[in-house]
Amino acid sequence: MTTRRTIMLATPALLAATGARAQELTLRLHHFLPAVSNVHRHFLMPWAQKIAADSNNRLRVQIFPSMQLGGAPPQLYDQARDGVVDIIWTLPGNTPGRFPRIEAFELPFVSHKRASVNVQAVQTLFDRRMRQEYADTHIITAWGHDAGVVHARREVRRMEDMQGLRLRFPTRQAGEALRALGAAPIGMPVPQIPEALAQGTIDGAVVPWEVVPSIRLHETLRNHTEIAGSPTFYIATFILAMNKARYEGLPADLRAVLDANSGMAAARMAAVPWDQEGPRVEEMVRRRGNAIIELSDDERNRWQRQTQPVIDAWIAAMRERNINGGELLEEARALIAQFGQGVT
């Protein structure tokens with residue numbers, strides 16, 4: 001992988017000098033996790049390879065992980081908007097309150113435990129009701145991960161075990177849900193978790209299984225609590241956003257290749273790291289001897305009742321922003337039910 005911060009694209013004069021050779025373009029994709037992460041290896045890389053193959057190598061996506069092109073994770077969306085990079089992968093939750101509609105899926109006990117269900121529901125409702133919030137970029141795809149897990153220094157088997165636990169959260173709704181359960185939520189991007197644990201700033205984190213190896217969480221924390229069943233405790237949502245002028249400036253045939261690998265086609269590819277790699281990570285952690293705890297049904301029901309006020313407060317806050325949050329939530333739940341039929 002090149003370490004240059006900029007990539008010079010072929011100029012029209014150079015292309016003309018090569019005769020019939022078609023124009024070739026390279027897009028830079030910037031994200032926040034290391035190259036060993038499952039999303040990088042099992043979604044972004046295969047997605048980039050498919051675009052190259054479908055375009056006969058005329059359109060390439062060069063991936064820069066670990067914020068190699070500068071900035072911090074909360075700045076990624078604006079990097080795409082401003083043309084600092086061409087494409088970014090980020091969480092809308094990294095900029096709390098900026099993209100409120102997609103939070104319908106991030107509310108407690110709304111989404112499915114499987115990413116294969118969530119990606120379809122998020123992409124569908126995004127196309128119907130959410131695109132206007134991202135009008136200053138071109139959104140390639142939107143999706144959500146699988147069930148999140150509570151990773152902590154001590155065992156969490158009951159709501160009382162959450163009392164005072166300083167837990168990293170990924171989105172403001174997950175943070176509010178943790179607070180309702182008695183925890184002390186602390187927001188930060190995933191790459192900051194190892195240092196925060198080392199410094200004693202946090203006692204644990206809520207993240208899905210797939211991200212655990214990339215931040216060596218299983219080596220630092222030995223207790224992992226799953227909230228089984230659907231709907232699950234929480235998920236986070238994601239987007240691939242592209243600079244709008246860069247997208248509109250693509251030759252029509254290359255734009256068509258990108259479009260064919262966008263939307264639902266890309267969202268379904270995005271489910272792979274969570275639904276396929278997540279269980280492998282869980283098994284690795286189990287073999288290591290860490291404690292993997294599953295809440296009882298009664299305890300799970302207690303958590304759901306305790307976090308219902310978070311949903312009520314979100315709907316009220318959306319009303320103040322002239323957004324019908326109740327209607328969005330109903331649609332989100334209906335899509336989860338639709339795509340979740342027969343999925344266990």
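The values are calculated or read from the model by the stated rules, or taken from the named source; none is laboratory data. These figures come from a predicted structure and were not determined experimentally. Neighbour counts are summed over all protein chains in view; Cβ atoms, including those assigned to glycine, are modelled from backbone coordinates with ideal geometry.
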* Asked: Only one of (1) in contact (Cβ under 8 Å) with a residue 60 or more places away in the chain; (2) among the hydroxyl-bearing types (Ser, Thr, Tyr); (3) farther than 23 Å from Val119 by Cα fails for Ser214. Which number is that?
  -> (3)
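Those residues that are in a helix (DSSP H, G or I), over 22 Å from Ser37 (Cα atoms) and touching a Leu at 6+ places or on another chain (Cβ under 8 Å), I need them from segment 237-287; list them, please. Write out each step before concluding.
Start the filter on segment 237-287 by keeping residues that are in a helix (DSSP H, G or I), which leaves 244-248, 252-260, 263-270, 272-287.
Subsequent filtering for residues that are over 22 Å from Ser37 (Cα atoms) retains 244-248, 252-260, 263-264.
Scanning segment 237-287 gives Arg246, Tyr247, Leu254, Val257, Leu258.
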* Return a yes/no flag: does segment 257-268 have any residue that is crowded, with 17+ Cβ neighbours inside 10 Å, touching a residue at least 12 places away in the same chain (Cβ under 8 Å), touching a strand residue (DSSP E or B) at 6+ places or on another chain (Cβ under 7 Å) and on the phi > 0 side of the Ramachandran plot. => yes
* Asked: Which of (1) at pLDDT below 95; (2) in contact with a Phe, Trp or Tyr (Cβ under 7 Å, 6 or more places away or on another chain) does Gly342 not meet, given it meets every other one?
  -> (2)
* Tell me, which residue of segment 85-131 that is buried (at least 21 other Cβ atoms within 10 Å of the Cβ) and free of Cβ contacts under 8 Å to residues at least 60 places away in the same chain is farthest from the chain's Cα centre (by Cα)? -> Met130
* Please give the number of the condition Ile87 fails out of (1) out of contact with any Pro (no Cβ under 8 Å at 6 or more places or on another chain); (2) modelled with pLDDT under 95. => (2)
* For Gln132, state whether it is among the polar types (S, T, N, Q) and assigned by TED's automatic domain parsing to the domain that holds Gly325. => no
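Please go through segment 216-231 and give me each residue that is in contact with a strand residue (DSSP E or B) (Cβ under 9 Å, 6 or more places away or on another chain) and either surrounded by fewer than 23 Cβ atoms within 10 Å (Cβ to Cβ) or more than 23 Å from Pro73 (Cα to Cα) (or both), ordered by number.
Here is the first cut: in segment 216-231, the residues in contact with a strand residue (DSSP E or B) (Cβ under 9 Å, 6 or more places away or on another chain) are 217-218, 220-228.
Answer for segment 216-231, where residues must be in contact with a strand residue (DSSP E or B) (Cβ under 9 Å, 6 or more places away or on another chain) and either surrounded by fewer than 23 Cβ atoms within 10 Å (Cβ to Cβ) or more than 23 Å from Pro73 (Cα to Cα) (or both): His218, Thr220, Leu221, Arg222, Asn223, His224, Thr225, Glu226, Ile227, Ala228.
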* **Output for segment 176-189, where each listed residue is at pLDDT 95 or above and either among the hydrophobic types (A, V, I, L, M, F, W, C) or crowded, with 17+ Cβ neighbours inside 10 Å (or both)** => Glu176, Ala177, Leu178, Ala180, Leu181, Ala183, Ala184, Pro185, Ile186
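Report yes if Glu327 is under 20 Å from Gln123 (Cβ atoms) and part of a helix (DSSP H, G or I), otherwise no. Walk me through it before giving the result.
Numbers: under 20 Å from Gln123 (Cβ atoms): yes; part of a helix (DSSP H, G or I): yes.
Considered against the rule, which asks whether it is under 20 Å from Gln123 (Cβ atoms) and part of a helix (DSSP H, G or I), Glu327 comes out as yes.
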* Taking interchain pairs and intrachain pairs at least six residues apart, which have beta carbon atoms under 6 angstrom, with the first residue in segment 38-63 and free of Cβ contacts under 8 Å to residues at least 60 places away in the same chain and the second among the polar types (S, T, N, Q)? -> Arg60/Thr26
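Return yes or no: is Tyr234 aromatic (Phe, Trp, Tyr), in a helix (DSSP H, G or I) and surrounded by 19 or more Cβ atoms within 10 Å (Cβ to Cβ)?
no
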